[in-house]
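*Asks:* Below is a structure I'd like to ask you about.
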Amino acid sequence: MGDLSHIDRTAIQHEAEPLEFSIVTVTYKRDNILQRSIRQLAQVAAGRTDVEYILVDNNPDEVDRSPMLASFTHHQYLKLGINKGVSARNDGAAVATGRFIVFVDDDALLNPPDALSRYRQSFADHPDAAIVTARHIDAKTGRTPREAFPHTDKSLPQDRPFKTFRFQGNGFAMRRDAFAAIGRMSDDYFYGLEEIDYAYRVIEAGFEIIYQPDIWIDEYNDPGGRLPTRTVEEMRLTNKMIISWKYMPLAYLPINLLGFSLYVFILNKGRINVARSLWQFVGWVHQNRGRRSPIGDGAISYIRACGGQVWK
C-alpha cells in the first residue's frame, strides 16, 4: 500500500465534533497549481468546522508539503513515497472521517463557494445515491468536453441534473458508508477511465449516481507529471477493453471492443497503436482470467432507465 508512516492528523476531534466532509486530493509534480487549488478549497470550506482536507502526495521526493494545509482546521497529509497514479485516491479515502468524501484533482478548482452544501442537499434529495458528480469544465474553453460528460447520450443538456450510470473522477462526492460497502477503487489502472470501472460496481451494488451541474470543476489540465498524449490514449484504450471485459454482458462485448477501438483511433487521427493496446489487454486477461464479473439484470435495467445504452 506504500509508506503511510508520514501522516499528519492535525486538529481532528472525531468524538467531540463529527466531520461532514473529507476533501481528498492526490498530487504529483504540480506544486504551483496545487497551491491554487488548495486556496480555492479553503474558501469553499471557509467558516466550516466540519471539513477536513486530505492531501495524498504521490511525489517520490523528500519534500514535506504538509505546510500547504495550514489554512484548514482539520487536515491529514499522506506521503506515499511512490507514484501510485489515480489509485492513490483509495489511500485518502481509507483515512477519511467525514460522512461524505469529495475528490478534487490537484489541477482543478471546485466551485461555487457553497459547493459542499450543494453536495449535501443533492444527497439528501437522492437517498439511494452513492455518488454525486459535478460538471467538468475545461478552463481554457469554458466548455464541458464530450468525453467528460457523464452519460453515453451526449445530446443531453449539460446544465440540468439527472440520474446517470457514469461519473467523472474529478469533482465527485461519495457517501463514506457507500465506499465501505462497495469497496476500494480498482488498482488495475494507473491512469484513465478508472471511473467507469467503479461506476459499474456502484450500480451493480444497487446504488445510484447523480449528475449535479450546479457544482462544477474548472479543470486546467496542467502538463506537470503527465505522460505523452499517445501513451495516455493507448493506456485509456487498454483500460476500456479491460473494463468492458470485466463487466459487460457477453452479448454486448464484441461490438463494444470494436466500436470503442475505432472511436479512439479516429479521435486521435490514427496516431495511436491499437494493436499495442489490444496486446496489452490480451496479456492482462491472460493473467486475470477469473476476474470477469458481468453486471446483472438490475444494473442493466438501471442503465436503460437512465437513457443509456448497455453496449457503450
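Only the coordinates and a few stated rules stand behind these numbers; no lab work does. Small disclaimer: the values here were computed from a predicted structure and weren't measured. Positions of Cβ are backbone-derived with ideal geometry, glycine not excepted, and every protein chain shown enters the neighbour counts.
*Asks:* Using the Karplus equation 6.51 cos²θ - 1.76 cosθ + 1.60 (θ = phi - 60°), what ³J(HN,Hα) coupling, rounded to whole Hz, does each residue of the stretch 270-283 give in order, writing x for Gly and Pro?
*Replies:* Coupling constants for the stretch 270-283: x, 8, 10, 9, 4, 4, 5, 4, 5, 5, 5, 5, 4, x Hz.
*Asks:* Moving on. How many percent of all Cα-Cα pairs in the chain sit more than 32 Å apart?
*Replies:* Summing the P(r) tail past 32 Å for the chain gives 25 percent.
*Asks:* Apply the Karplus curve 6.51 cos²θ - 1.76 cosθ + 1.60, θ = phi - 60°, to the phi angles in the stretch 31-41 and return the couplings in whole Hz, x for Gly and Pro.
*Replies:* 4, 5, 5, 4, 5, 5, 4, 5, 4, 5, 5
*Asks:* Give the calculated FRET efficiency between Phe190 and Asp297 to the nearest 0.05, with a Förster radius of 30 Å applied to their Cβ-Cβ distance.
*Replies:* Calculated value: 0.40.
*Asks:* Grab the Cα-Cα distance for Leu278 and Thr141, subtract it from 0.36 nm times how many residues apart they are, and report the gain in nm with one decimal.
*Replies:* Numbers: separation 137, 0.36 × 137 = 49.32 nm, distance 3.28 nm.
That pair, Leu278 and Thr141, stretches by 46.0 nm at full extension.
*Asks:* How far apart, in nanometres, would the label points at Ala181 and Val285 be if each is projected 7 angstrom from Cα along the Cα-to-Cβ direction?
*Replies:* 3.3
*Asks:* Another question, if that's okay. Apply the Karplus parameterisation 6.51 cos²θ - 1.76 cosθ + 1.60, with θ equal to phi minus 60°, to every residue of the stretch 125-141 and state each ³J(HN,Hα) to the nearest whole Hz, in sequence, with x for glycine and proline.
*Replies:* Per residue, the Karplus-derived 3J(HN,Hα) values read 6, 10, x, 8, 7, 8, 9, 10, 10, 7, 6, 9, 10, 6, 4, 6, 9 Hz.
*Asks:* Going by Cα centres, the stretch 205-239 and the stretch 295-312 are how many Å apart?
*Replies:* What the calculation gives is 22 Å, centre to centre.
*Asks:* Turning to a different aspect of this structure: Please tell me which of these pairs span more than 18 angstrom C-alpha to C-alpha: Lys140/Lys163; Lys84/Lys312; Lys29/Lys84; Lys240/Lys312; Lys29/Lys240?
*Replies:* Lys140/Lys163; Lys84/Lys312; Lys29/Lys240
*Asks:* Taking Cα centroids, how far is the stretch 42-80 from the stretch 100-144 in Å?
*Replies:* Cα centres, the stretch 42-80 to the stretch 100-144: 19 Å.
*Asks:* If I histogram all Cα-Cα distances within the stretch 51-145 using bins 10 Å wide from 0, what percent of pairs lands in each bin?
*Replies:* All Cα pairs considered, the percentages come to 13, 40, 36, 11, 0.
*Asks:* Once the Cα gyration tensor of the stretch 229-294 is diagonalised, what are the square roots of 5 times its eigenvalues, in whole Å and ordered largest first, as equivalent ellipsoid semi-axes?
*Replies:* That gives 21, 14, 8 Å for the three semi-axes.
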